[in-house]
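The structure under discussion appears below in the form of structure tokens.
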Amino acid sequence: MNARLLILLLWLPCAALAQGFAGLGTDAEGFAAPDPAYRLDFPKDHGPHPEFRIEWWYLTATLHGADGRDYGIQWTLFRSALAPYEGEGWSSPQLWMGHAGLTTPDRHFVAERRSRGGIGQAGVTGDPFRAWIDDWEMTGPPVGIDSLRLSARGREFSYNLTLNADGPLVLHGDAGYSVKSRDGHASHYYSQPAYAVAGTLDLPGGPVAVTGNGWLDREWSSQPLSATQSGWDWFSLTFDGGARMMGFRLRDSAGDYTAATWIAPDGAAEALPDGALTVEPLATSGVEGRDVPTRWRVRLPSKAVEVEIDALNPQAWMATSFPYWEGPVRITGSHSGKGYLEMTGY
């Protein structure tokens, strides 16, 4: 899900903005549609899917510094297609955008990059895995994404991190077919939620060595939302006991839609249907002239989860071409831990 969908639609004609949040409910005639019978194929599906209109490679990490402070980072590469194919050179209809964020308890840093396909400035290869835009890179071993090196930089920050997976890939929904509305809109969606992370953040006050946990999301679609869905709240939560949870609420004038995936400590995943997850805003913060929920109650009764999550920094606003809120959170209640929260449409 997430703001990566929103950003990609910036590349589409302005007329597309008429239906659904950021035009994500507009017709995608000529592009491929997610297929519930399709079974994900790795390492092929780590790479791009140019026949679909929108796609992203999205990584977040909750980190703890040698200075005793908590941090969070985001690294996202978006692909958007003006036509359902790839081409060479300037004939490529594929467009690319990168977002990098770094959150501290008292500051939030943001950078954005743009490119078009076909000229080598940005792209993704699946085997060996490499995703890049300019000098920002996410690179893996000859096969798969079990280990990654990650780097990005902005005007006042940079980071260089290594990530090593300690668990299997997780397929959301029905074997990676993730439904997003009661009308049946969907995407192909999988994650690697169990990276151990180590590396260095470079900040205005100097470098900070960090360790923590990383979560990679991969998703592609062409028309993922319905025309009445106005935004979403997305949660990736890592609990201290080893379990994890992904969940989202799509806000809809016709009735909200929710879904979740419960990930046991051994990596076994269980998809939970619409209505199994409930999320409730508890407090808002004034962020860039708007009220944004930065404290939430999250319930997943079938797994005895009732937690409150609080933003590490309520001002984690991604002031990019199409702005949204994204940042690390702390978890208390029936479970403790850390996670990431993304919110759009506020």
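The values are calculated or read from the model by the stated rules, or taken from the named source; none is laboratory data. Since we're looking at a predicted model, the values are computed, not measured. Neighbour counts are summed over all protein chains in view; Cβ atoms, including those assigned to glycine, are modelled from backbone coordinates with ideal geometry.
Data table
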item	result
Matching residues in the range 251-268 - criterion: being in a loop (DSSP other than H, G, I, E, B) and touching a Lys or Arg at 6+ places or on another chain (Cβ under 8 Å)	254, 255, 256
Pairs with Cβ under 7 Å, 6+ apart, first in the range 137-154 and without any contact (Cβ under 8 Å) to a residue 24 or more places away in the chain and on the phi < 0 side of the Ramachandran plot, second surrounded by 16 or more Cβ atoms within 10 Å (Cβ to Cβ) and not in a strand (DSSP E or B)	147/140
Meets criteria (touching a strand residue (DSSP E or B) at 6+ places or on another chain (Cβ under 9 Å), surrounded by fewer than 19 Cβ atoms within 10 Å (Cβ to Cβ) and either free of Cβ contacts under 8 Å to residues at least 12 places away in the same chain or farther than 20 Å from residue 179 by Cα (or both)) for residue 228	no
Criterion: outside any strand (DSSP E or B), at pLDDT 95 or above and hydroxyl-bearing (Ser, Thr, Tyr) - qualifying residue of 38, 71, 58, 85	38
Selection from the range 269-310 of residues that are more than 30 Å from residue 171 (Cβ to Cβ), in a strand (DSSP E or B) and not acidic (Asp, Glu)	282, 283, 284, 285, 286, 287, 290, 292, 294, 295
Matching residues in the range 127-178 - criterion: being surrounded by 17 or more Cβ atoms within 10 Å (Cβ to Cβ), small (Gly, Ala, Ser) and in contact with a Pro (Cβ under 6 Å, 6 or more places away or on another chain)	144
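Table: residues versus (1) in contact with a strand residue (DSSP E or B) (Cβ under 6 Å, 6 or more places away or on another chain); (2) at pLDDT below 95.
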residue	(1), (2)
130	yes, no
179	yes, yes
188	yes, no
200	yes, no
204	no, no
